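Contents: one structure, followed by commentary.
The values are calculated or read from the model by the stated rules, or taken from the named source; none is laboratory data. Since this is a predicted model, take the numbers as computed values, not measurements. With ideal geometry, Cβ positions are generated from the backbone for all residues, glycine too; neighbour counts draw on all protein chains shown.
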Amino acid sequence: MLKSNPIESAEEVLRRYLAENQMRFTPERFAVLDAALRRKRPFSASDIWDDMSVSGYRVSRASVFQTIGLLCRCGVLAEVALGGNESRYAARREGYLYLVCTGCGRIREERDPTVALHFRGRRFEAFTPAYHSTAVFGTCSTCMRRQRREAKTSKEVKQGIRKPSEKGRSGGRSPKEDIE
Ligand SMILES: [Zn+2]
């Protein structure tokens, strides 16, 4: 029964790691783990701190950052390479692709067993792999629609069908508008 609950099995891994390394079983560490596993998409350490603060848990930002590092070392979480300034994490699991929109930064997880197959048994010279994380960068459907709308508007402006002032909020701002 315990294994079927992802939160409980990750807790077991953390307990074992803390015991093996003679570290304290602080409730805070388990609260960070719980908040991390509740996230459906990759998250930053700041996201976890925000979640915990919103739910009334008083914890320092530094402590959340340290615990996230600990959860990566014990193998419950993995840092996923998604670009951007802030490190992002997800529950460590293989066979997933992260689809990252370069327009709005939205991330979608897509199950893909062929990714795991690709890395299974793959050897690297002078390197021992621990896990893999694969991201595909592109444009989400919302951003694609916005880009099409903007392209259409600017074409109409060029053709004189529409005045620049009719571009509306969603349209790009011309340098002239920025000065005003
Ligand atoms: Zn987007």
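Annotations for the structure displayed:
- Qualifying residue in the stretch 138-161 (condition: within 16 Å of the ligand (Cβ to nearest atom), within 29 Å of the chain's Cα centre (by Cα), modelled with pLDDT under 80 and farther than 30 Å from G95 by Cα): no
- Remark: pairs (first residue in the stretch 98-117, acidic (D, E); second residue more than 8 Å from the ligand (Cβ to nearest atom) and assigned to a loop (DSSP other than H, G, I, E, B); Cβ separation under 7 Å; 6+ apart in sequence or on different chains) = E109/R41; D112/G95.
- Residues of the stretch 59-77 that turn out to be part of a helix (DSSP H, G or I) and surrounded by 20 or more Cβ atoms within 10 Å (Cβ to Cβ), as a count: 4
- The condition of being of a type in the set (G, A, S), within 16 Å of the ligand (Cβ to nearest atom), surrounded by fewer than 16 Cβ atoms within 10 Å (Cβ to Cβ) and assigned to a loop (DSSP other than H, G, I, E, B) holds for only one of G56, G105, that being G105.
- Neighbours by Cβ (under 9 Å, 6+ apart or cross-chain): first from the stretch 141-159, more than 19 Å from I107 (Cβ to Cβ); second of a type in the set (V, I, T) and more than 14 Å from the ligand (Cβ to nearest atom): K155/I161
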